[in-house]
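Engineer: I'd like to ask some things about the structure below.
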Amino acid sequence: METYGLEKLGILNPSAVYRNLGPAQLTEAALRRGEGTLSPTGALVVTTGKYTGRSPDDKFIVDTPAVHDDIAWGKVNRPISKEKFEAIKAKACAYLQNREIFVFDGFAGADKKYTQKFRIINELASQNMFIHQLLIRPTQEELANYGEPDYTMIVAPGCKCDPEKDGVHSEAAIIIDYEAHEIVIVGSAYAGEIKKSVFSTMNYVLTKMNVLPMHCSANMDPETHETAIFFGLSGTGKTTLSADPARKLIGDDEHGWSPDGVFNIEGGCYAKCINLDPENEPDIYNAVRFGALVENVVMNPETRELDFFDNSLTENTRVGYPVNYISNSQIPGEGGIPKVVIFLTADAFGVLPPISRLSKNAAMYHFVTGFTSKLAGTERGVTEPQPTFSTLFGEPFMPMDPSVYAEMLGEKLEKYGTKVYLVNTGWAGGSAAMGAKRMKLSYTRAMVTAALNGSFDSVEFKHHDVFNVDYPTSCPNVPAEMLDARGMWADKAAYDAQANKLATMFAENFAKKYPHMPAEIVEAGPKAK
């Protein structure tokens, strides 16, 4: 029996080792092992138990001399000793002994100059199918000549940590050893931990190759190959706005920007399913079919119909599928140098302009800040929106200091003359707490289209003194009054007060989190009056 080097890791006497099985074989194995059930469309449906989302408190980086000075240590990038990592790895390998093992050898990075080989070793057939669909799948020839992987990941959800003994936070642990090129995930069956561990690894590796890793979606014009990238946190419309039927989808979540252009790090998509509707998101809805892995969506036990509106297990219901399930996907996932960068934010305060143009320094400011806002929770007395700041629009996955990524972005914007726009997909004419409505999707689409096709190049812009950005006075297919954030408010004094409040939040967040940023970037941010 071929073991593909498992014994070198300490995984001895496996009962069977399966390498790069296809979706049909992995689905059969998962069903045989009782890991899930089939939906009427053939998707494999599983529940992930206690962990239905990423567990940031359980994520660690091995602190070794080779990487110590590269890592931005803190609440996001927690250190763990080499000894503790080796002990947990040994525990996982011992746990996997005498079990069926599922191995996937695949690639991260569609541009072959930057491709990294990942070997994923799974306890669960369902998780092996997930990563088979989410990474870039090798051809038979590439698999035959695969050789040794660049990185090895061991995933054993059934293996539990002892927090006190193992020096971790809970029974789960997600640990990356950048120096040893090894990753261990134990205690959590949430498949997103595998995907994001690959991303977190690439976010370190690519910077060493002069490639900017980005938590963003990307698309391009099918004729001109003009490329755009979209940054945005959950709920800002990143997936919706990048899934433009008139453009080819390069990828929906993780990309690198090299001297040659943009490339997808992945070969699949991992979309939220909550409230999934065939009219609003037909591409994702139609991807819930054979070969897809559905996590934590409630299923009718008799009809097996999926209830995408049931959040009783979690709001974070998910489906993973290969990118070619999207009809207008770009295969391989490569595009040109981005002509336009879009930062998406859903401003529940209702004060940011619907679209504004950013200078290079302002782009670096907003890239580092990663702002959006969420509605007030259910606590009594909480009546206003809550700001959310996620560094680089992907703070949990960026191991290095934010300035490293920001400087790389600034250099690329300057070198290539890439335009940057901040698009507010949130509320207009008032705050969410006041009962205002969100900006119409058709208007936002029209603004994004104008940004992509150059319509704003010949339009007059006005400066917003508080947010320190320039906004257009006209846009095709958008009423002019909808472009003026302050003008849409009936009570101008209330707008001014709310705008100043948000600008102060920006400034306080920036001063607290990025005290060493250059003065010219600080000056490019919002200025409360």
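Engineer: Over the alpha carbons of segment 189-342, what is the largest minus smallest coordinate on each principal axis, giving the biggest first in Å?
Structural biologist: Rounded to whole Å, the extents work out to 53, 33, 27 Å.
Engineer: Cβ under 15 Å from VAL186's Cβ, VAL186 left aside: what net charge do those residues give with Lys, Arg +1 and Asp, Glu -1?
Structural biologist: Its environment carries a net charge of -1.
Engineer: As a test of reading the structure, rank SER442, SER81 by solvent-accessible area (1.4 Å probe, protein chains only), most first.
Structural biologist: Output order, biggest surface exposure first: SER442, SER81.
Engineer: I would also like to ask the following. How large is the dipole of the chain about the Cα centre if only Lys and Arg carry +1 and Asp and Glu carry -1, each at its Cβ, rounded to the nearest 20 debye?
Structural biologist: It works out to roughly 520 debye.
Engineer: Taking the chain as the reference, fit the longest principal axis to its C-alpha atoms, fit the long axis of helix 192-205 to the helix C-alpha atoms, and give the angle between the two in degrees, 0 to 90, nearest 10.
Structural biologist: With both axes taken from Cα atoms, the answer is about 70 degrees.
Engineer: Just grab the label-to-label distance for ARG32 and ALA494, each label 7 Å out from Cα along the Cβ direction, in nm (one decimal).
Structural biologist: Placing both labels 7 Å along Cα→Cβ, they lie 6.5 nm apart.
Engineer: If you don't mind, another one. So, R0 is 60 Å and r is the distance between the beta-carbons of ALA94 and ASP307; what FRET efficiency does that work out to, to 0.05?
Structural biologist: Values: r = 40 Å, r/R0 = 0.66.
Step by step, r from the Cβ atoms, then E = 0.90.
Engineer: Mind ranking 50-63, 421-434 by how tightly packed they are, going by the mean number of other C-beta atoms within 10 angstrom, highest first?
Structural biologist: The packing order, highest mean first, is 421-434, 50-63.
Engineer: Volume per residue, Å³, of the convex hull around the alpha-carbon atoms of the chain?
Structural biologist: Roughly 154 Å³ of hull volume per residue.
Engineer: I've got another one for you. Rounded, prolate or oblate for segment 1-45? Axes are the square roots of the Cα gyration tensor eigenvalues, ordered a ≥ b ≥ c, and the cut-off for rounded is a/c under 1.5.
Structural biologist: Working: a/c = 3.61, a/b = 2.61, b/c = 1.38.
Cα axes put segment 1-45 in the prolate bin.
Engineer: For GLU142 and LYS437, what is the calculated FRET efficiency with R₀ set at 41 Å and r taken between the beta-carbons, to the nearest 0.05?
Structural biologist: Using R0 = 41 Å, I get an efficiency of 0.20.
Engineer: Would you work out the relative contact order for segment 458-529, in percent, from Cα pairs under 8 angstrom that are 6 or more residues apart?
Structural biologist: 33
Engineer: Report, to the nearest 10°, how far helix 82-96 tilts away from the longest principal axis of the Cα atoms in the chain, using its own Cα long axis and a range of 0 to 90°.
Structural biologist: 60
Engineer: In whole percent, and with a 1.4 Å probe on the protein chains, what portion of the accessible area of the chain is carbon and sulfur?
Structural biologist: Looking at the chain in its full context, I get 50 percent from C and S.
Engineer: Only loop residues by DSSP count here, and only those with at most 12 other Cβ atoms within 10 Å; note down the trypsin sites (Lys or Arg not before Pro) in segment 102-188 that meet that. Could you put the intermediate results ahead of the total?
Structural biologist: Working: sites: LYS112, LYS113, LYS117, ARG119, LYS160, LYS165; in loops: LYS112, LYS113, LYS160.
Hits after loop and neighbour filter: LYS112, LYS113.
Engineer: Turning to a different aspect of this structure: Taking the Cβ-Cβ separation of GLU520 and THR41 as r and a Förster radius of 56 Å, what is the calculated FRET efficiency to the nearest 0.05?
Structural biologist: Efficiency, rounded to the nearest 0.05: 0.60.
Engineer: Among TYR146, ILE136, ASN509, pick out the residue whose Cα is farthest towards the positive end of the charge dipole of the chain, where Lys and Arg carry +1 and Asp and Glu carry -1 on C-beta, about the Cα centre.
Structural biologist: ASN509
Engineer: Using the Cβ atoms and a cut-off under 14 Å, what net charge is assigned to the surroundings of ILE337, where Lys and Arg are +1 and Asp and Glu are -1?
Structural biologist: Here the charged neighbours net out to -3.
Engineer: Run lengths n ≥ 4 of DSSP H only: what is the helix-derived mean residue ellipticity at 222 nm for the chain, with -39500 (n - 2.57) per run over all residues, to the nearest 500?
Structural biologist: -7500 deg cm²/dmol
Engineer: Express the accessible area of segment 1-152 per residue in Å², computed with a 1.4 Å probe while the remaining protein chains stay in the model.
Structural biologist: On the way: 6630 Å² over 152 residues.
That works out to 44 Å² per residue.
Engineer: Same structure, new question: Classify segment 176-226 as rounded, prolate or oblate from the Cα gyration tensor: take a ≥ b ≥ c as the square roots of its eigenvalues, call it rounded if a/c is under 1.5, otherwise prolate when a/b beats b/c and oblate if not.
Structural biologist: Values: a/c = 4.51, a/b = 1.69, b/c = 2.66.
Taking the square roots of the gyration eigenvalues as a ≥ b ≥ c, segment 176-226 is oblate.
Engineer: May I ask you to give the solvent-accessible area per residue for segment 207-327, in square angstrom, as obtained with a 1.4 angstrom probe?
Structural biologist: Computed with neighbouring chains in place, this is 38 Å² per residue.
Engineer: With every protein chain kept in place and ligands, DNA and RNA left out, what is the accessible area per residue of segment 413-529? Probe 1.4 Å, answer in Å².
Structural biologist: Ligands and nucleic acids excluded, the figure is 49 Å² per residue.
The values are calculated or read from the model by the stated rules, or taken from the named source; none is laboratory data. All figures in this text were calculated on a predicted structure; none of them were measured in a lab. Methodologically, a virtual Cβ is constructed for each residue, glycine included, from the backbone with ideal geometry; neighbour enumeration extends over all protein chains shown. Accessible surface is based on the protein model in full, side chains and every heavy atom, while ligands, DNA and RNA are left aside. Shrake-Rupley method; radii C 1.70, N 1.55, O 1.52, S 1.80 Å.
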